[in-house]
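Peer 1: Starting off with a structure, shown below.
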Amino acid sequence: MDFVWWAVAGIGHLGVCAVAFNQIHATSYPRHVRKISERILALIALAFAVYLGWQMIALATVRFWSVVNANLANQFYLTFCLPIGAYFIGRWCYRKWKHRSPARVISRSVQKQNIQKQLGRSVYHGTAAQFLGCWPGNQAHWIASERLSFHVPRLPQSLEGLKICHLTDFHLTGQIDRSYFSKIVETANAFEPDLILVTGDLIDESHCMDWIEEIFGNLKATHGIYYVLGNHDRRIQPESMLRQRLEDSGMVGVSGKWQSICVRGSTIALTGNELPWFPHAANLKRLEEAMIQDFNNQDFENAIAAEDPLKILLSHSPDQVHWAAKYKFDLMFAGHTHGGQIQIPFIGPIVAPSRFGIRYASGTFTIGQMLMHVSRGISGDKCIRINCLPEVGLITLTGQSPSGSRPIKSKAE
Ligand SMILES: [Fe+2]
């Protein structure tokens, strides 16, 4: 029983570190501030292991409560960490019990590919990446083609079966070979999507700028490729040069502005949010206001013709979910959280850089009338993914209502 108390206290200790990590990484603090805080938190987390080891030795020789009673530091530690640990465990159990796949996710299937095996060689470059690449269970060189079907009540008949490919968090660093990202492009193009939506963290290192044309320039979608930037894209300066290179490769930036697209005679209104890292979306007008004041080009004439077009948001972070509520989007696509990158069996992810912690680490969520899909993304600045496959998503929209609260159909191909 003594060990149970210490385990709960340990969960409290590590839980506080995880919450601090998530909150700091959800902000727009400079990179060096986040890196320093990351190291301090790692030391605090490590201190628990050291403290626990010391206590285990004490527990092996003396009864637990006599140790506690004899040591003021222990009393303080348990008084502080036990209730916090109990809170985290209670909250986790509540969320597990409450969580259900939204009834509007009609079907889901996943097809996995081991790209390293296909290429017959390692895709990792550099000592750190090669070390992580050998880590047992690391899936950073895999691709999961994730096919989802969403019920969108306001979908016009003409958009029935609209195919959206969602890609996010490429993190081009040079640690993973560009041939891996070419396979991502191949997989996305094989979906033959109507639209491709890219939600940020495209490139971390300026020496990968030359990859842009080969990777993003080869994406193909009938009605265009639209993007927003993420926090890691701030490493490329000036930012305008990165946006220009992306636009030159055929992508359309939608940060903080409305973009209307005419698809099969119906209008889709797209916009992007890069907050808190880039400010463009901060004062975005509602679509209705923008239609009156700003629609002065030919594209927008289509939008005016549509009284209330389908509204889609590209946001780097799922933290913008409450910002999205006031614009009444039908769909929101986000990345940034990478599914936590390491998912412990049954428990799930521990950290995700969001002010909501791991709540929106990955998956599909109903927020009022809006459906938000948070992708696990493709890569990361550290080449490690355990039980968290890189995701290339294809979302097919339907206006046909599922019968009642139809459970999610899942099949692995
Ligand atoms: Fe990212």
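Peer 1: Residues 90, 120: which one is at positive phi and exposed (fewer than 14 other Cβ atoms within 10 Å of the Cβ)?
Peer 2: From the options 90, 120, the qualifying one is 120.
Peer 1: When you scan region 331-353, how many residues do you find that are away from the ligand (no atom under 16 Å from the Cβ) and open to solvent by less than 10 Å² (accessible area, probe 1.4 Å)?
Peer 2: Number satisfying all stated conditions: 2.
Peer 1: Another question, if that's okay. Report yes if residue 277 is surrounded by fewer than 21 Cβ atoms within 10 Å (Cβ to Cβ) and within 16 Å of the ligand (Cβ to nearest atom), otherwise no.
Peer 2: In short, yes.
Peer 1: Being touching a Phe, Trp or Tyr at 6+ places or on another chain (Cβ under 7 Å), in a helix (DSSP H, G or I), in the same structural domain as residue 163 (by TED's automatic domain parsing) and not basic (Lys, Arg) is the requirement here; does residue 113 meet it?
Peer 2: So residue 113 does not fit the description; no.
Peer 1: Continuing with the same structure: Going residue by residue through region 131-151, is there one that turns out to be farther than 23 Å from residue 348 by Cβ, open to solvent by 40 Å² or more (accessible area, probe 1.4 Å) and away from the ligand (no atom under 16 Å from the Cβ)?
Peer 2: So the first thing to find is which residues in region 131-151 are farther than 23 Å from residue 348 by Cβ, and the list is 131, 133-134, 149, 151.
Okay, now just the ones that are also open to solvent by 40 Å² or more (accessible area, probe 1.4 Å), so 131, 134.
Next, only the ones that are away from the ligand (no atom under 16 Å from the Cβ) stay: 131, 134.
Looking through region 131-151, at least one residue is farther than 23 Å from residue 348 by Cβ, open to solvent by 40 Å² or more (accessible area, probe 1.4 Å) and away from the ligand (no atom under 16 Å from the Cβ).
Peer 1: Going through 382, 328 one at a time, which residue ends up being in a loop (DSSP other than H, G, I, E, B), within 12 Å of the ligand (Cβ to nearest atom) and open to solvent by 10 Å² or more (accessible area, probe 1.4 Å)?
Peer 2: After ruling out the rest, the residue left standing is 382.
Peer 1: Which of the residues that make up region 354-368 are away from the ligand (no atom under 13 Å from the Cβ) and either basic (Lys, Arg) or more than 18 Å from residue 20 (Cα to Cα) (or both)?
Peer 2: Of everything in region 354-368, those that are away from the ligand (no atom under 13 Å from the Cβ) and either basic (Lys, Arg) or more than 18 Å from residue 20 (Cα to Cα) (or both) turn out to be 355, 359, 363, 364, 365, 366, 367, 368.
Peer 1: On the basis of being part of a loop (DSSP other than H, G, I, E, B), in the same structural domain as residue 379 (by TED's automatic domain parsing) and in contact with a Phe, Trp or Tyr (Cβ under 8 Å, 6 or more places away or on another chain), does residue 201 make the cut?
Peer 2: Against the criterion (part of a loop (DSSP other than H, G, I, E, B), in the same structural domain as residue 379 (by TED's automatic domain parsing) and in contact with a Phe, Trp or Tyr (Cβ under 8 Å, 6 or more places away or on another chain)), residue 201 qualifies.
Peer 1: Please indicate, with yes or no, whether at least one residue in region 209-216 is open to solvent by 10 Å² or more (accessible area, probe 1.4 Å) and in contact with a helix residue (DSSP H, G or I) (Cβ under 6 Å, 6 or more places away or on another chain).
Peer 2: Checked region 209-216: at least one residue is open to solvent by 10 Å² or more (accessible area, probe 1.4 Å) and in contact with a helix residue (DSSP H, G or I) (Cβ under 6 Å, 6 or more places away or on another chain).
The values are calculated or read from the model by the stated rules, or taken from the named source; none is laboratory data. As the structure is a computational prediction, the values presented were derived from the model and not from experiment. For neighbour counting, all protein chains shown are included, and Cβ atoms are generated from backbone atoms with ideal geometry for every residue, glycine included. Side chains included, ligands, DNA and RNA excluded: accessible areas come from the protein's heavy atoms. Shrake-Rupley method; radii C 1.70, N 1.55, O 1.52, S 1.80 Å.
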